[in-house]
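The structure appears right after this line, and notes come after that.
The values are calculated or read from the model by the stated rules, or taken from the named source; none is laboratory data. Nothing here was measured: the structure is a model prediction, and the numbers come from that model. Reconstructed Cβ throughout: ideal geometry from the backbone, glycine too, with neighbour counts over all protein chains shown. The accessibility values were calculated without ligands, DNA or RNA, using every heavy atom of the protein model including side chains. Shrake-Rupley method; radii C 1.70, N 1.55, O 1.52, S 1.80 Å.
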Amino acid sequence: MNKPALILGIESSCDDTSAAVLQDNLVLSNVIASQAVHESYGGVVPELASRAHQQNIVPVVSEALKRAGVEAKDLDAIAFTRGPGLLGSLMVGTSFAKGLSLSLNLPLIDVNHLQAHVLSCFVQLPNRESHPPAFPFLCLLVSGGNSQIIVVKAYNDMEIIGQTIDDAAGEAFDKCAKVMGLPYPGGPHIDRLAQEGDAKAFRFSKPNIEGYNYSFSGLKTSFLYTLRDALKENPDFVEERKADLCASLQATIVEILIKKLRKAVQETGIKEIALSGGVSANSGLRGVVQEYAEKNGCNAYLPPLSLTTDNAAMIAVTGYFKYLDRDFCDISLPPFSK
Ligand code: KG4
């Protein structure tokens, strides 16, 4: 039997600097430094993000090695996020990974950030039972930048069968939250407030587009117009009805997401489902997917909350699969933003 592989994963695609050490797919450490600097701007400021990555990268990697009880010389490979993401942010993680691999003479593995989100279901957290989906499975990848339905046939064989034609689901959450005066990112705030509200209090428009594609721009506009009209009558409208607005908005987004997932299950016949990405932390979405799976004999994988947002454990697990195939990259490989 092969000796287990020790993989260091490095993630710096947006506003989280993260490093993780995995032994095969088991997490020994997963350190994430988030950047509070963006909060007052209501969104990620690319220049500030890359500067913060530069400050964080060395302490975050050192901490990941320390928590794992591993020395850099014991590693078998270094996996890093090559893209997509913010170029300045990616440059920091990419350059660091290359420098480390050169100095330690270790193989380097480039990882696609979206592929890593999909494969996050194979990350094994310590002392936690995990039932990853079997191939082929359908992955609903929902984050701040993406809303996709993907048929995953193997770790390196994926087909995007549907995606958003405008905003992503996370963007819809964040932009509507901003209009209500909630902090950035608004998704978790809406989720919390929605628990106390009436999901049937308001009706917002839902898209009617072909295939498995998504659209959230119409919903966003209809939400904005509802607020605009009501505020003319009552300046305290948002404050008075915030929980109902959040509950109705969340229910609409979840309904839009599940409708196409349901269609994909029915038409492909695939009954293995996985959620991934930041929005997969949403309690409404998790509840509806779980209920749908139970009623329809599907196996639904709902990720642990720590694996829903950007993290290096998912980069390392993708690196691990590529390591098994000896799928290494050259040090000259540049990062890509899209
Ligand atoms: O995957 P992710 O961490 O990174 C980006 O794609 O940027 O996703 C971030 C997104 C944000 O839009 C955030 O509002 C959303 O995930 N999000 C949520 C929840 N937690 C995070 N949306 C709804 N409900 C949540 N509980």
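Does segment 180-193 contain at least one residue that is more than 14 Å from the ligand (Cβ to nearest atom) and either touching a residue at least 60 places away in the same chain (Cβ under 8 Å) or farther than 28 Å from ALA293 by Cα (or both)? Among the residues of segment 180-193, at least one is more than 14 Å from the ligand (Cβ to nearest atom) and either touching a residue at least 60 places away in the same chain (Cβ under 8 Å) or farther than 28 Å from ALA293 by Cα (or both), which makes the answer yes. Of the helices (runs of 4 or more DSSP H) entirely within segment 65-179, those holding at least 1 residues that are more than 16 Å from the ligand (Cβ to nearest atom) occupy 87-104.
Can ASN25 be described as within 15 Å of the ligand (Cβ to nearest atom), at pLDDT 95 or above and farther than 19 Å from GLY88 by Cα? Against the criterion (within 15 Å of the ligand (Cβ to nearest atom), at pLDDT 95 or above and farther than 19 Å from GLY88 by Cα), ASN25 does not qualify. Of the residues making up segment 119-134, those that are open to solvent by 50 Å² or more (accessible area, probe 1.4 Å) and without any contact (Cβ under 8 Å) to a residue 24 or more places away in the chain are ASN127, GLU129.
Conditions tested, residue by residue: (1) touching a residue at least 60 places away in the same chain (Cβ under 8 Å); (2) more than 16 Å from the ligand (Cβ to nearest atom); (3) of a type outside the set (Asp, Glu); (4) under 27 Å from ILE160 (Cβ atoms).
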| position | (1), (2), (3), (4) |
| --- | --- |
| THR221 | no, yes, yes, yes |
| ARG228 | no, yes, yes, no |
| VAL238 | no, yes, yes, no |
| VAL254 | no, no, yes, yes |
| ILE258 | no, no, yes, yes |
| GLN266 | no, yes, yes, yes |
| GLU272 | yes, yes, no, yes |
| GLY284 | yes, no, yes, yes |
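Considering segment 11-26, and only residues there that are of a type outside the set (Ser, Thr, Tyr) and open to solvent by less than 10 Å² (accessible area, probe 1.4 Å), the residue that is nearest to ILE109 (Cα to Cα) turns out to be GLU11. The residues of segment 42-67 that are free of Cβ contacts under 8 Å to residues at least 24 places away in the same chain and of a type in the set (Ser, Thr, Tyr) amount to a single one, SER62. Considering only segment 302-320, state which residues are open to solvent by less than 40 Å² (accessible area, probe 1.4 Å) and either assigned to a helix (DSSP H, G or I) or touching a Phe, Trp or Tyr at 6+ places or on another chain (Cβ under 8 Å) (or both). Of everything in segment 302-320, those that are open to solvent by less than 40 Å² (accessible area, probe 1.4 Å) and either assigned to a helix (DSSP H, G or I) or touching a Phe, Trp or Tyr at 6+ places or on another chain (Cβ under 8 Å) (or both) turn out to be LEU307, ALA312, ALA313, MET314, ILE315, ALA316, VAL317, THR318, GLY319, TYR320. Check segment 321-329 and report whether any residue there is assigned to a helix (DSSP H, G or I), open to solvent by 20 Å² or more (accessible area, probe 1.4 Å), farther than 21 Å from ASP167 by Cα and among the hydrophobic types (A, V, I, L, M, F, W, C). Checking segment 321-329: at least one residue is assigned to a helix (DSSP H, G or I), open to solvent by 20 Å² or more (accessible area, probe 1.4 Å), farther than 21 Å from ASP167 by Cα and among the hydrophobic types (A, V, I, L, M, F, W, C). Within segment 140-154, residues that are closer than 11 Å to ALA264 by Cα and among the β-branched types (Val, Ile, Thr) sit with their Cβ atoms under 9 Å from residues that are near the ligand (Cβ under 9 Å from one of its atoms) and open to solvent by less than 10 Å² (accessible area, probe 1.4 Å), at 6+ positions apart or across chains, in these pairs: ILE149/LEU141; ILE150/LEU141.
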